[in-house]
Amino acid sequence: MKNYDVAAFIWPSYTGKEKRAYQFWEKGIGEWQSVISAEKRTDCHILPRKPLWGTVDEADPEVMEFQIKEAVRHGVNVFIYDWYWYDRRPFLEQCLDEGFLGAKNNEDMKFYLMWANHDASYLWDKRQTDLNETVWFGSQHRDEFDIICRRVIDMYFKKPNYYKIDGCPVFMIYDIMNFVRGLGGIDEARKALDDFRELVKAEGFPGLHLQMVVYSEKAADVSAVDPKYSGTSKDFVDLLGFDSITHYQFVHFVDANRDYKEILPDVATEWERLRTEYKVPFYPHVTVGWDNNPRYTYLKWPIMRNNTPEEVKKAFEMAKEYSDKYNDVPLITVNSWNEWTEMSYLEPDDVYGYGYLEAIRDVFTDYSGEEE
């Protein structure tokens, strides 16, 4: 079997080492605080599900050494770290800097960054989830963006296991509207990205591979951030010069309030639309589930139901087939390694055990079924 780049997103909140996070999770264990307090409220979902490995500190290099080993042996060979910059400084970097990069075996797998440049609100604070107030803005002006570029080049791109496509470090941007808004419009944003590319080249790389997260087509309105232009996500890709696209979550573009098997045909239809309508490669994405009730004190919809390992395995098979048929680079993105507060994770739980990891292993590796 060919080798696939199976890249799982990492939500780096499961540590108490980020002091600024105490305003959301005052017990000092990160968002594990919300996971362990989750309650079952309806037969439509199976909360609470708990981590089989326990509420470990994922900024601990020994913890990550174990997780890297388990990920790699099941076919997950890339981590995509959600990376944050708020209020002129980074946020939640410890899981990457201390945990992953501190693990003795970190070079056994690749990693890259998704700049999670959305606004930060009290969604993370279960006590006041519905407080409609921004804590930090995710949009950044040019001076801040230049600092970000220099930081990610020096601290991450130069690592030997940073994920590259054709030798170019991959950098994903989550919220394209926020990105353009912060830079002051399309022309200014394009100039900032062009300068970012030149900085990367000056460090000896052949270039920079920019990847954009796509939501539904109507979710991105170019004119809303720059009245000189009009269009949707496709136009952002062209105007800003992105090299590829992927998804972050099924809930962003399909009705997720259904059984998992009912969602997959709509996912396949969207993949085909992106393949035919966009000029850059689309790397297929698989979401394990969606149920963010751990972040609420009341029942919150939508809830993705019956996302068993057997059903999720069908999505992995879809992604493999798409990749084999259309893409030169065998990259598949997965939500996620550890999004416990959204019930979308590969880490083993007390309901399905290693089921999700075994599904990936069966689809993307040469595992033959013998005892390991």
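Just so you know, all these numbers are worked out from the coordinates, no wet-lab data involved. Computed from a predicted model, the values in this text were never measured in an experiment. Neighbour counts are summed over all protein chains in view; Cβ atoms, including those assigned to glycine, are modelled from backbone coordinates with ideal geometry.
Worth pointing out:
- Förster radius 25 Å - calculated FRET efficiency between Lys261 and Val72, Cβ distance, rounded to 0.05: 0.30
- Cα gyration tensor, segment 5-364 - rounded (a/c under 1.5), prolate or oblate: rounded
- Within the same chain, aspartates and glutamates fewer than 8 places from Lys320 are excluded, and of the rest, those with a Cα less than 19 Å from its Cα are Asp5, Asp266, Glu270, Glu272, Glu310, Glu311, Asp328, Glu358, Asp362, Asp366.
- Backbone N atoms of segment 262-282 closer than 18 Å to the 7 Å Cα→Cβ label point of Asp166 belong to residues 278-282.
- Ordering His285, His209 by the number of other Cβ atoms within 10 Å of each residue's own Cβ, fewest first, gives His209, His285.
- Note on Ser13, Ser37: ascending count of other Cβ atoms within 10 Å places them as Ser37, Ser13, the fewest first.
- Relative exposure of Met318, Met109, judged by other C-beta atoms within 10 Å (fewest first): Met318, Met109
- Span from the segment 108-166 Cα centroid across to the segment 42-75 one, whole angstrom: 22 Å
- Estimated FRET transfer efficiency (Lys19, Ser368; beta-carbon r; R0 56 Å; 0.05): 0.70
- Rounded to the nearest 500, the 222 nm mean residue ellipticity of the chain from helices alone is -9000 deg cm²/dmol, with -39,500 (n - 2.57) taken per DSSP H run of at least 4 residues.
- Label reach from Ile46 (point 7 Å along Cα→C-beta): in segment 288-327, amide nitrogens under 18 Å belong to 288-294, 303-316.
- Taking a point 7 Å out from the Cα of Lys218 in the direction of its Cβ, the residues of segment 285-307 whose backbone N falls within less than 19 Å of it are 302.
- Residue pairs exceeding 30 angstrom between C-alpha atoms, taken from Lys50/Lys325; Lys2/Lys261; Lys17/Lys50; Lys2/Lys279; Lys19/Lys201; Lys40/Lys110: Lys50/Lys325; Lys19/Lys201; Lys40/Lys110.
- Dipole magnitude of the chain, debye to nearest 20 (Cβ charges: Lys/Arg +1, Asp/Glu -1, about Cα centre): 500 debye
- Fully extended contour minus Cα-Cα distance, from Ile36 to Thr276, at 0.36 nm per residue: 82.1 nm
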